[in-house]
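Structure record follows, encoded as structure tokens.
The values are calculated or read from the model by the stated rules, or taken from the named source; none is laboratory data. All values derive from a computational prediction rather than experimental measurement. Virtual Cβ from ideal backbone geometry, glycine too; neighbours counted across all protein chains shown. Keep in mind that these areas ignore ligands, DNA and RNA; they rest on the heavy atoms of the full protein, side chains included. Shrake-Rupley method; radii C 1.70, N 1.55, O 1.52, S 1.80 Å.
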Amino acid sequence: MATAATAYGERRFGAAYTVRIVLALIVVGVLIGLWSGQTKAGDASHPALLWISVGLVAVFAALWIVLGKTVLIINDAGVRRESFLGQQELTWSQIAETRYCVVPVNLYAHFGLIGALVAMSSKSGRAQLTLQLISREGKKLKVTSAFQKADEAIGIILSRILPPMVQDTKTRVQRGETVAFGPIGLSATAVTWKKNSIPLLQITKAELVRSNLQIKQSGKWLAAVNLRSDKLPNVLVFLEVLETLAPQVKSTGVDPLARVRL
């Protein structure tokens with residue numbers, strides 16, 4: 001039965017303005033650099049420079065329009081991404097794997113006040129979110145902060161696909177299996193990593209710290225596991241199941257940023 005989290009009809013998420021604003025800053029910078037070299041109004045290169053400037057502005061205007069046509073559509077059937085290059089689509093039943101990563105972004109340091117305004121335009125403005133959806137046949141669809149309200153879009157997707165993945169993993173673990181998440185294994189008693197086996201009772205913390213998954217073990221100063229989160233298939237499923245097996249590990253739900261310590 002559909003819940004309030006999944007019965008959403010159709011949601012559309014247009015392209016974010018971040019990339020277009022950065023392009024605008026680059027074009028303005030290039031134009032200022034070109035024209036600042038013109039010390040004489042009657043310079044012979046002035047007409048050519050004018051045409052170059054017009055060409056740059058025309059290219060920027062075309063890119064602005066093209067980027068604005070990119071849209072992410074989430075509906076009861078699945079996820080679709082449309083752009084000037086065509087469209088990609090995955091139904092919910094096709095999605096077998098996710099790759100998830102959050103990279104902190106300090107736009108203010110790079111673009112001053114304009115960067116700060118861009119960062120404040122959405123909850124996820126302070127981080128670059130990437131959720132890649134992969135089908136059993138290897139077909140991929142990527143959702144990133146290039147879309148407006150990317151954190152909300154990713155939250156909707158996760159609320160739809162995580163519950164069955166989590167339940168399937170729990171069932172396998174209860175049967176005595178060690179479920180592989182890339183280089184990490186999870187069983188009812190331990191997490192295996194490289195040649196190490198970390199008893200669940202010794203795990204004090206498991207979290208996404210910026211772009212990395214970190215697992216802390218009691219008595220150890222350094223993290224027992226520390227690797228980039230998108231190196232693990234279904235890292236969020238891993239965390240969800242680990243939290244049920246090791247209740248001392250705090251649960252944070254499926255909010256895309258709630259799990260990440262920036």
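Multiply the residue gap between A180 and V22 by 0.36 nm, knock off their C-alpha separation, and tell me the result in nm, one decimal place. Intermediate values should be presented prior to the final figure.
On the way: separation 158, 0.36 × 158 = 56.88 nm, distance 4.03 nm.
Using 0.36 nm per residue and subtracting the Cα-Cα distance, I get 52.9 nm.
Taking only protein heavy atoms and a 1.4 Å probe, what accessible area per residue, in Å², does region 126-262 have with all protein chains in place? Before the final figure, lay out each step's value.
On the way: 6620 Å² over 137 residues.
I get 48 Å² per residue for this part.
Report the net charge of residues surrounding L232, where surrounding means a beta-carbon distance below 12 angstrom and charges are Lys +1, Arg +1, Asp -1, Glu -1.
On the way: positive: R99, R228, K231; negative: E97, D230.
It works out to a net charge of +1.
Just to confirm a number: summing +1 for Lys and Arg and -1 for Asp and Glu over residues other than Q88 whose beta-carbon lies under 11 angstrom from that of Q88, what do you get? Display every interim value, and only then the final one.
Numbers: positive: R80, R81, K139, K140, K142; negative: E82, E89.
Taking every other residue near Q88 into account, the sum is +3.
Nearest 0.05, what FRET efficiency do I65 and V30 give at R0 = 25 Å with Cβ-Cβ as r? Let's see the in-between values first.
Values: r = 20 Å, r/R0 = 0.79.
Between I65 and V30 the formula returns 0.80.
Using modelled backbone amide H atoms (1.01 Å from N, in-plane), which distant-in-sequence or interchain residues come within less than 5 Å of R228's amide H?
Distant-sequence amide H within range of R228: L213.
Could you please state how large a percent of the accessible area of region 125-181 is carbon and sulfur, counting protein chains only and using a 1.4 Å probe?
Values: 1220 of 2680 Å².
Solvent-exposed carbon and sulfur of region 125-181 make up 46 percent of the total.
How would region 116-231 be classified by its alpha-carbon gyration tensor: rounded, prolate or oblate, with rounded meaning a/c under 1.5 and the a/b versus b/c comparison settling the rest? Write out the running numbers ahead of the final one.
Working: a/c = 2.43, a/b = 1.46, b/c = 1.67.
Oblate shape, in that a/c is at least 1.5 and b/c is the bigger or equal ratio.
By accessible area of protein heavy atoms, probe 1.4 Å, what ranking do Y100, Y17 get, highest first? Walk me through the numbers before you get to the answer.
Numbers: Y100 5, Y17 120 Å².
Highest to lowest solvent-accessible surface, that is Y17, Y100.
How far apart, in nanometres, would the label points at K250 and K205 be if each is projected 7 angstrom from Cα along the Cα-to-Cβ direction?
0.9
Starting from the Cα-Cα distance between L222 and V57, subtract it from 0.36 nm times their residue separation and give me the gain in nm to one decimal.
Full extension from L222 to V57 adds 54.2 nm.
So, counting K/R as plus one and D/E as minus one, what does the shell of residues with Cβ under 12 Å around T204 add up to? Please report the intermediate quantities before stating the final value.
Working: positive: K205, K216, K220, K250; negative: E207.
Surrounding charge for T204 is +3.
Going by a ≥ b ≥ c, the root eigenvalues of the Cα gyration tensor, does region 184-253 fall in the rounded group (a/c under 1.5), the prolate group (a/b larger than b/c) or the oblate group? All intermediate terms of the calculation are to be shown ahead of the outcome.
Details: a/c = 1.24, a/b = 1.09, b/c = 1.14.
Cα axes put region 184-253 in the rounded bin.
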